[in-house]
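Colleague: I have a structure I would like to understand better, so I am pasting it below and will then ask my questions one at a time.
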Amino acid sequence: MQPFNLILCSLILFTSDFVDAVSFGDCVDVFPCDRDPCTLVKGTSVTIRIQFRGLARIFPGDASFEGSFDEEPATIPFPPNGVCRRLIPGCPIQPGQRYTYHYTAVVPEDFRTGLLRVEWRLLNANMMPFLCVEFLVRIAEAP
């Protein structure tokens, strides 16, 4: 599988003393993916993998997802999914350690087709984002 070409990939850390941001190149993979942007077929399984390095000790909470088709907001109906159960190595996040977050779901049948901009945020225990990625995928009907 090809690494997904990102529009933006930033790690944002919120702690009581500072806010720090680091830009990344290719830190998000979408499976299956055979071109850029990845084409996701309704009713099929997709896996998102985000790789990052911890910059501070963080106790993760949940993830949030938002999307838009042509600047029009679109709900991404993925259920809540605690970050810790999808993180390797496990929680809490430690400074200097490399992590992989992964999420697998089925592309909803009721999604409209077209180019979808996805914003994916990992939240800490206080529901503040500590990681945010944005990427494009193309939603298609089954052949």
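Colleague: Can you put ASP62, ASP70, ASP29, ASP110 in order, fewest other beta carbons within 10 Å first?
Modeller: ASP110, ASP70, ASP62, ASP29
Colleague: Compute the separation of the alpha-carbon centres of segment 127-143 and segment 39-91 and state it in Å as a whole number.
Modeller: After rounding, the separation between the Cα centres reads 8 Å.
Colleague: Let me ask something else. Output the relative contact order of segment 29-106, whole-number percent, from Cα pairs under 8 angstrom with separation of 6+ residues.
Modeller: Relative contact order here is 39 percent.
Colleague: Mind listing the phi-derived Karplus ³J(HN,Hα) values for segment 38-49, rounded to whole Hz, using 6.51, -1.76 and 1.60 with θ = phi - 60°, and x for any glycine or proline?
Modeller: These are the phi-based 3J(HN,Hα) values: 4, 9, 10, 9, 3, x, 10, 7, 9, 10, 9, 10 Hz.
Colleague: How about segment 39-118: which GluC sites (Glu not before Pro) there lie in a loop by DSSP and see at most 11 other Cβ atoms within 10 Å?
Modeller: Those satisfying the criteria are GLU71, GLU109.
Colleague: Sort CYS91, CYS33 so the one with the fewest other Cβ atoms within 10 Å of its own Cβ comes first.
Modeller: CYS91, CYS33
FYI, it's all coordinate maths here, none of it is from the lab. The structure presented is a predicted model; accordingly, all values stated were derived computationally and were not measured. Please note: Cβ atoms are built from the backbone with ideal geometry, for glycine as well, and neighbour counts cover all protein chains shown.
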